[in-house]
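The values are calculated or read from the model by the stated rules, or taken from the named source; none is laboratory data. Remember, predicted model here, so these are calculated numbers, not experimental data. As a convention, Cβ positions derive from the backbone with ideal geometry for all residues, glycine included, and neighbour counts pool all protein chains shown.
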Amino acid sequence: MRIVIAGAGAMGSRFGLMLYNAGNDVILIDKWRDHVEAIKKNGLSANINGQRSTTRMPIFYPDEIASNSKPADLIIMFTKAIQLEDMLQSIKPLLGLETMVLCLLNGLGHEDTLARYVPQKNILLGITMWTAGLEGPGKVKLFGTGEVELQNIDAEGEKNAKKIVAELRNAGLNGVYSSNVKYSVWRKACVNGTLNSTCTILNANISELGATTEAIPILKAIISEFTAVAAKEHVILDQKEILQHVVETFDPNGIGLHYPSMHQDLIKNNRLTEIDYINGAVARKGEDYGVPTPYCALLTELIHAKEQILKAK
Ligand code: NAD
């Protein structure tokens, strides 16, 4: 299968590498100069569960995509949420009538952005539990295991979605065909919406937040706002189950000592965050539906203020 990875940072490198090793014709697209040059010169260096490997893979800058390029069979979007539209613009020449586009970005509302470039029948939405990190240009750290859950957003896309699930399985990426991916996307966004912004504003890891007397009331309020807005889109979240799941993450023997990805983006790497697609999306949708979302709105404003204070890019 001819597969394009649109955004070959941490996650794009993982998926690209695993699909390439399974025998697919994979190309990576990225615009981070040092990273692209390192991969062009030395290949992609990956620390996979402690084992280092180097793989020579084709990687291109967006402006190297020729207007007469052969369309891809599958494009996997792996930019940050704020970069999605820009990337879709760049990859237009690779979008054919039959090109399936799988979006695995965290956050809400990406199907609306995709629909401006891709026919509904070719859009696949998904979430993934795989993780990945960057060690530096051309170097990624791929630890642990995971799964990819995906579904077509239009009934016509089901056959192709199942084909993609099989390809992901073949590459060891543990693809699963979802019967309700909208629920999974909302649930993941809700979990992210509780810990990401709060830990970032408080400059705390998950355990530190969890040990405060304020944590549970704040998390309950955020979850209740996500639930009320999701219900307007016919997605029924289970508040008790989500709260229980989040409370389990406080355990310092589990992931409690970790800082959520938004903290890493903003505090560690001085990068703009995905807040507008998590709590920000709920605040925006809440306004449209007439559902009050004071916690999500304030958290979004505070993260934007912090981005400005830190001059994040
Ligand atoms: P990343 O920043 O490491 O990778 C994004 C890459 O896209 C960068 O290398 C960037 O240069 C490139 N890019 C962005 N816009 C571009 C454009 N217009 N043209 C060319 N290249 C462009 O991010 P990531 O950690 O891989 O995360 C990607 C998505 O996956 C996010 O939505 C994130 O929330 C989600 N996610 C990440 C993880 C994780 O463990 N890292 C896990 C699950 C989900």
Is it the case that segment 119-126 has a residue that's under 30 Å from Gly50 (Cβ atoms) and either surrounded by 21 or more Cβ atoms within 10 Å (Cβ to Cβ) or among the small types (Gly, Ala, Ser) (or both)?
yes
For segment 64-74, state whether one or more residues are at pLDDT 95 or above and within 12 Å of the ligand (Cβ to nearest atom).
yes
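Residues are listed down the side, and each one gets a yes or a no for (1) charged (D, E, K, R); (2) within 16 Å of the ligand (Cβ to nearest atom):
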position	(1), (2)
Trp130	no, yes
Ile153	no, no
Ala171	no, no
Lys182	yes, no
Gly193	no, yes
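Residue check: is Asp112 part of a helix (DSSP H, G or I), closer than 19 Å to Tyr61 by Cα and either of a type in the set (Asp, Glu) or in the same structural domain as Phe226 (by the TED database) (or both)?
Taking the combined requirement at face value, the residue does not satisfy it.
Condition check ((1) touching a Cys at 6+ places or on another chain (Cβ under 6 Å); (2) closer than 24 Å to Gln89 by Cβ; (3) at pLDDT 95 or above; (4) away from the ligand (no atom under 15 Å from the Cβ)) across all residues:
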| position | (1), (2), (3), (4) |
| --- | --- |
| Gly9 | no, yes, yes, no |
| Gly12 | no, yes, yes, no |
| Gly16 | no, yes, yes, no |
| Asn21 | no, no, yes, yes |
| Val26 | no, yes, yes, yes |
| Asp34 | no, yes, yes, no |
| Gln51 | no, no, yes, yes |
| Pro62 | no, yes, yes, no |
Is it the case that some residue within segment 167-185 is in contact (Cβ under 8 Å) with a residue 60 or more places away in the chain and β-branched (Val, Ile, Thr)?
yes
Could you say which residue among Val26, Val36 is under 21 Å from the mean Cα position of the chain (by Cα) and under 23 Å from Asn122 (Cβ atoms)?
Val26
Search result, residues across segment 5-23 that are buried (at least 18 other Cβ atoms within 10 Å of the Cβ) and touching a helix residue (DSSP H, G or I) at 6+ places or on another chain (Cβ under 9 Å):
Ile5, Ala6, Gly7, Ala8, Gly9, Ser13, Phe15, Met18, Leu19
Every residue in segment 72-102 that is of a type outside the set (A, V, I, L, M, F, W, C), touching a strand residue (DSSP E or B) at 6+ places or on another chain (Cβ under 8 Å) and more than 21 Å from Ala10 (Cα to Cα), please.
Asp73, Thr99
